[in-house]
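Here's the structure, in structure tokens; my notes come after.
The values are calculated or read from the model by the stated rules, or taken from the named source; none is laboratory data. Source: prediction; values computed, not measured. We place every Cβ from the backbone using ideal geometry, glycine too, and count neighbours over all the protein chains shown.
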Amino acid sequence: MGKVILFVSCMICGVIFLGIGVYAAKRKTPMNFWSGVAVPSESITDIPAYNRAMSKLWEGYSAVWFISGLAGLWHPVAATVLMCVLGAAGAVVLVLVYKRIEKKYRVK
């Protein structure tokens, strides 16, 4: 039963991050990264490309959760390690990659 709960929990997290990625791809205005901080349209050089990059960022992070969930069906300890290591390290990578995206598309 624990394996199923772990699997479902990871899949829910993965779907949420995937949903953010899909939403980012469909936006007409720049996608926000930081909560409560709007990115002004005039500060981004190519909004569709910026949003595609943001979409890939979130969709990539969702893969961590999908992989962890699938691993949890066979080996819950491995899934927990994946969630802790890749989830925590992934959050840092999200910020670093966002900074590169922002630098690339920000009006200079």
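Odds and ends about this structure:
- Residue within region 53-62 that is farther than 30 Å from Gly2 by Cα, buried (at least 16 other Cβ atoms within 10 Å of the Cβ) and among the aromatic types (Phe, Trp, Tyr) present: no
- Selection count where residues are under 15 Å from the mean Cα position of the chain (by Cα), among the aliphatic types (A, V, I, L, M) and not in a helix (DSSP H, G or I), scope region 6-55: 1
- Region 1-38, residues that are at pLDDT 90 or above and either of a type in the set (Ser, Thr, Tyr) or exposed (fewer than 11 other Cβ atoms within 10 Å of the Cβ) (or both): Val4, Ser9, Tyr23, Lys26, Lys28, Thr29
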